[in-house]
Each structure stands twice: as structure tokens, then as C-alpha cells.
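Student: To start, I am sharing the structure in question, which I have written as C-alpha cells.
The values are calculated or read from the model by the stated rules, or taken from the named source; none is laboratory data. Not measured: the values here are computed from a predicted model. Positions of Cβ are generated from backbone atoms using ideal geometry, with glycine treated the same way; all protein chains shown enter the neighbour counts.
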Amino acid sequence: MRFTRLTAAAGVLVLAMTSAACGGNDTGSTGEGQGFPAGSTMQRLVEAHKIRVGTKFDQPGFGLEGPGGLPKGFDVEIAKIIAKKLGIPYYAIEYTETPSTIREQVLQQGKVDMVVATYTINDKRKEVVDFAGPYYVAGQTLMVKSDNTDVTGPDSFKDGTKKVCSVTNSTPAANIEKYLKNKAKQLELFDSYDKCVEALKAGKIDAVTTDNVILTGFVATNPDQFALVGSAFTEEPYGIGVKKGDKDFRNFINDTLEEAFHDGSYMKAWKVTAGKYDPNDPLIPEIDRY
Ligand code: GLU
């Protein structure tokens, strides 16, 4: 994965914007959103004055349902940046809870306009949806109870007895399989990560596996209960899922992301969400305009 570094000037702008921030990109009216080609998704959304976004509701730092039912997190802020560029204010975004297993489905069925949901770009998924981005690169790791010393990395599951939990149709669920001797006995799959977290608390499993940034959110919001073990053993570039074949919309989102990487809004979005749990500022990935 190729990355670029933010320039010093952009960094100064980020700090200025962050200290002035009162939470998120909550700009009401923007004056943007004009002049899109007739028939494009952008024009349709501008005319509708709303955008439908699929995101997670169970992942602290990226997409977590807040009081009043609206999700909060880095993915939500990324969605707001894209909506703002269309002239659509944050309060006109309609969120649909979109667990990993239905991300392709909601796009194929036109139930949402885009999916921003810790969504790894890969070739299999690209057969049925398209991706803008990446806008962040995570890596898979493991979370255990803080007093666990038996699990030290994915190789710990080669004993054929220890149990690991992940989510249906997620890349971590597929990636962990090669470390398991007895998949039926060792791999527990749920439709959301919070259910894995409950199973870990209850001692029904030995570890939860998914992307490091998602697990960091669970460690931070369950003080003293959990710990991350080992280092990342995959690369998970997060993209924004759009309907297959909508190249104009993908280009528009890619342009918007590149602008956000450099005007401070990307880093501001990070600092008020996942950055509260993860002290490492993200490296800026290179957009893949495939
Ligand atoms: N990034 C991985 C994926 O897209 C895991 C996180 C998730 O399930 O959302 O499958």
C-alpha cells in the first residue's frame, strides 16, 4: 500500500481547525453541490437534498449508535465530508445500519447511495460493487481478555482447541481460517462485533479477531477488560462502496477524499472520533483510481 505524508502546512491547518472544532463536520449550509452532469448520481442527490448512507452501529470510533439513534464515528464523519461537497447538510443524511454481511446487498438493491463501514476493498467484492478510496488502511489483529496469556497471535489457534469470534462475510473471518485446525469447533461467527465482545466477556470464546482500529475502540470503551495481542497480520484498505459501474460517483468521491486529505477536514474527522482512542495519526493512503 502506498501512502503520502501530510505537508507541514496542512498539519498547521489541521491543528487550527481541530482546536476550533466543536465536534464533526456539522456545517449546515455549504453553497457547494452545483454543476454536476445531468443524469449523474451527484445531480440526483443534490436534487433530492439527501443522501442515504450505510454504516456500522456497533463499532466505537468508526460507527457507533449514539443517543437519539444517530451513529457517530470516523466513517460517519467521512460520509459528512462527501455529503457536504454535494451541498447536503449533515442533518439530511439518512443512515442505515449495515453490518458486514449485507454491505454488497444494500448497494446492489439500491437501498443506500454509499456504504462507509470499515469496508475492505478487495477483488472478490469488486465483482459486485465498486469502491472509492482507500481513505484508511487498517490491519487484522486479535483481542483477548486482559488476563489471557494463552493467545499471542494467530498461530495460537493452530492447537485446534482455542475459539475465536468474528463477523459473517468479513475479511477477518476468512483470513483467520488458515490458522484453524477445526473450523467448525473453533470459529464462532455473529452478524455484529458487539456480539463477539459479549461472548468474550462471558468466557465463551478466547479471542475476537477483526481490524486493529475496531478492536482498539472496544478496548478503550471497556476499560481494563480487554487487550490487543500481536501485531497486524493483514492489510485492510477501507473503501467507500458504491453501486457497480458508477464511475462518475466514484471519481467524485475520490476527488472529495483527496481534497479532504489536504484541507484538514480528514484529520479533523479522525481527531474527534477514532483518534480519541488511537494515538497514531493515520498515514494518508494513495487513492486507487482503478
Ligand atoms: N474491514 C473488514 C471487512 O471489511 C473487517 C471489518 C468489518 O467487518 O467491517 O470485512
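Student: Which residue, of LYS85, LYS158, is farther than 24 Å from PHE218 by Cα and surrounded by fewer than 18 Cβ atoms within 10 Å (Cβ to Cβ)?
Tutor: Going through LYS85, LYS158 in turn, the sole match is LYS158.
Student: Just to be sure, is LEU64 in contact (Cβ under 8 Å) with a residue 12 or more places away in the chain and either crowded, with 20+ Cβ neighbours inside 10 Å or β-branched (Val, Ile, Thr) (or both)?
Tutor: yes
Student: Ok, one more. Would you point out the residue of region 139-160, among those that are part of a helix (DSSP H, G or I) and not acidic (Asp, Glu), that is nearest to PHE3 (Cα to Cα)?
Tutor: PRO154
Student: Taking only region 41-73 into account, find how many residues are out of contact with any helix residue (DSSP H, G or I) (no Cβ under 7 Å at 6 or more places or on another chain), closer than 18 Å to GLY241 by Cα and either at pLDDT below 95 or among the β-branched types (Val, Ile, Thr) (or both).
Tutor: Total meeting the criteria: 0.
Student: Kindly provide the set of residues from region 65-115 that are under 13 Å from the mean Cα position of the chain (by Cα) and closer than 20 Å to VAL272 by Cα, ordered by number.
Tutor: Of everything in region 65-115, those that are under 13 Å from the mean Cα position of the chain (by Cα) and closer than 20 Å to VAL272 by Cα turn out to be PRO71, LYS72, GLY73, PHE74, ASP75, VAL76, GLU77, ILE78, ALA79.
Student: So, one more: Which is within 19 Å of the chain's Cα centre (by Cα) and under 30 Å from THR41 (Cα atoms), of LYS247, LYS243?
Tutor: Going through LYS247, LYS243 in turn, just one is within 19 Å of the chain's Cα centre (by Cα) and under 30 Å from THR41 (Cα atoms): LYS243.
Student: Can TYR135 be described as among the aromatic types (Phe, Trp, Tyr) and either surrounded by 24 or more Cβ atoms within 10 Å (Cβ to Cβ) or in contact with a Gly (Cβ under 7 Å, 6 or more places away or on another chain) (or both)?
Tutor: yes
Student: I've got another one for you. Taking region 161-172 as the region of interest, how many residues are within 11 Å of the ligand (Cβ to nearest atom), part of a strand (DSSP E or B) and under 19 Å from VAL151 (Cα atoms)?
Tutor: Of the residues in that region, 1 qualify.
Student: Further question: Restricting attention to region 145-152, does a residue exist that is surrounded by fewer than 24 Cβ atoms within 10 Å (Cβ to Cβ) and either among the basic types (Lys, Arg) or within 14 Å of the ligand (Cβ to nearest atom) (or both)?
Tutor: Yes - at least one qualifying residue is present in region 145-152.
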